[in-house]
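A short worksheet on the structure shown next.
A short reminder: the numbers here are calculations on the coordinates, not readings from a lab. Bear in mind that the values here come from a model prediction, so they are computed numbers and not experimental data. FYI the Cβ positions are ideal-geometry reconstructions off the backbone, even for glycines, and counts take in every protein chain you see.
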Protein chains: 2
Amino acid sequence: MQELTHFDAQAWSSQARLSVEDALSQWVPERASAGLGQSMRYAVMGGGKRLRPLLCLAARRSVAALQPNSEHDPLDDVAMRAACAVELIHAYSLVHDDMPCMDNDVLRRGLPTVHVQFGQAQALLCGDALQALAFELLTPEGEGVQPQIQVQLCRLLSRAAGHTGMCGGQAIDLQSVGLHLTREALEEMHQKKTGALLLASVMMGAACVDPRVLPISALAHLKDYATHLGLAFQVVDDVLDVVADTHTLGKTAGKDANMDKPTFVSLLGLDAAKALAKKLHDQAQAALVASELPQTQALSALAREVIDRPY
Amino acid sequence: MQELTHFDAQAWSSQARLSVEDALSQWVPERASAGLGQSMRYAVMGGGKRLRPLLCLAARRSVAALQPNSEHDPLDDVAMRAACAVELIHAYSLVHDDMPCMDNDVLRRGLPTVHVQFGQAQALLCGDALQALAFELLTPEGEGVQPQIQVQLCRLLSRAAGHTGMCGGQAIDLQSVGLHLTREALEEMHQKKTGALLLASVMMGAACVDPRVLPISALAHLKDYATHLGLAFQVVDDVLDVVADTHTLGKTAGKDANMDKPTFVSLLGLDAAKALAKKLHDQAQAALVASELPQTQALSALAREVIDRPY
């Protein structure tokens, strides 16, 4: 595939976002049992930046050019399923996180959270069903895709979601309220809590290619990219929690500080936190260059988006 | 493999149960982040009949004889992983079911439930992490197993756990409190809520074989077996809820009746419910005979165990 000299990042991400919305709308059931479909769609279709699906599709784009191009590559469908599966895991984690026994948040993207809208029992089931649906999406019936790629996607996603990833990070988060964490401990928490799923988004996109054509070194650089981006994302989140208002965020601002949770801002100060975000961004961009992959512009643009969120 | 004339069902299931306990103990992490491992092990290692893992291993046994036997068949390990994965899904569903926003139960197998022991937030995360771990177990690193079998296991488990299966049934259950369900509606609820996972246990065990050696008709009969057994299991559960006491059950007795939930006993009366359980058991046994599989004695014994639980 010939790379265009000019890459329109905004056009690419608008188009990718629309495709993700379409795919999610198709795959998240409207009519599941007893209102379950309703709450699942509410949790998933309420907007959001779709950062994780876009990272997955951008990573797929960066490796797709390594393979001879075909008109209808079944791996494009696999990558879209991977992108949506990651988003379902993210969506379920928000539903459960917002519940009264966790963060007890009533507002998400400017709308009532799932348990406010549907009740706690339904919210619990909704999150559970979304997690299962993620693995359903990765294992459709029928042939045409190398099963080892499907296995690899399930492997990456389950590890990123579970006790060594997102759930593990949330458990550390639970225990850290009111504690003075070191910077290392704070980074470990975030690396698991949000970083693992962001990393999986990129790795899953990169897995949607015949593994024989992807150099190990390129994969390692993509991993570096995703790790730096994941941490930058969290640092920016901490900054936004302090400087943005509830209306701009679409969720309750100042929450972490109010709950006496350790953040990069509380640890480093505001200016140093901003500088750290910038440095991590630059490291992510450098990793893309080092990967020597032919089409990394979408990944590069997403890294910029992560640190350019409005303050 | 030559079938022995005498099959010692009790010896088989004691041995299988021990192997399952060993495998679970090995695979459920002791030292996951911030107490998460502790709650996960508490949820999983607290005993229980291990019916689902045994069904999986018994189904594997029924199909293993179709393939030339080797000393160390890697599919034995795959089947054990499948057995434990199903149990993890079952365990997580109990943890979440017991929470105050659901059944609000404080006792499980004679011990405090997970949220009583560790708090609600930890119980929520514990269940979430157990679901992810189930899919981790099914997708170990390394070669040696046909990836299409791993994909099939993830496919069966995700569908049985999600909105078309267990979670869907629980959503119906939530909405049915105080309603007069027809027998058809009650059966649909149970078919999803508990039947789907019992069915998956059998189907996953049967998937642990080269698919080319398993006749489609045998698979269909195994499905019949599991469907009848699943419903029998629920009918017996409803009978036990009425006639057994809390001490014998290890969980709060009379709970469904107290919560005004529809049950087979409330719908049919006690004697007719017992007769129905017996009839379903006989249909399950007939399906095993019809399957013409060489080694169905373990499956047969498990069906007997299901209806012979102490009244």
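Which of the DSSP-defined H helices in chain B satisfy a minimum axial length of 30 Å, computed from C-alpha atoms, and a minimum mean Kyte-Doolittle hydropathy of -1.0? Within chain B the helices that satisfy the rule are B:74-97, B:216-243, B:270-291. A cut-off of 5 Å between modelled amide H atoms, ignoring neighbours fewer than 5 places along the same chain, links B:Arg108 with B:Thr113.
Mind checking A:86-95 for the average number of partner chain beta-carbons within 10 Å of each residue's beta-carbon? For this peptide, the per-residue mean of nearby foreign Cβ atoms is 1. Counts of other chain beta carbons within 10 angstrom of each beta carbon in peptide B:143-150 average 3. Chain B holds its axis-closest Cβ, relative to the rotation onto A, at the residue and whole-Å distance B:Pro147, 2. Along its three principal directions, the equivalent ellipsoid of the range A:9-307 from the Cα gyration tensor extends over semi-axes of 29, 25, 16 Å, largest first.
Taking label points 7 Å from Cα along the Cα-to-Cβ direction, B:Glu141 and A:Asp73 give a separation of 2.7 nm.
Per residue, the average separation of C-alpha pairs within less than 8 Å and at least 6 apart gives the range B:53-167 a relative contact order of 27 percent. Considering all C-alpha pairs of the protein assembly as shown, those separated by over 40 Å amount to 29%. Among the residues of B:23-34, the average count of other protein chain beta-carbon atoms within 10 Å of the residue beta-carbon is 3.
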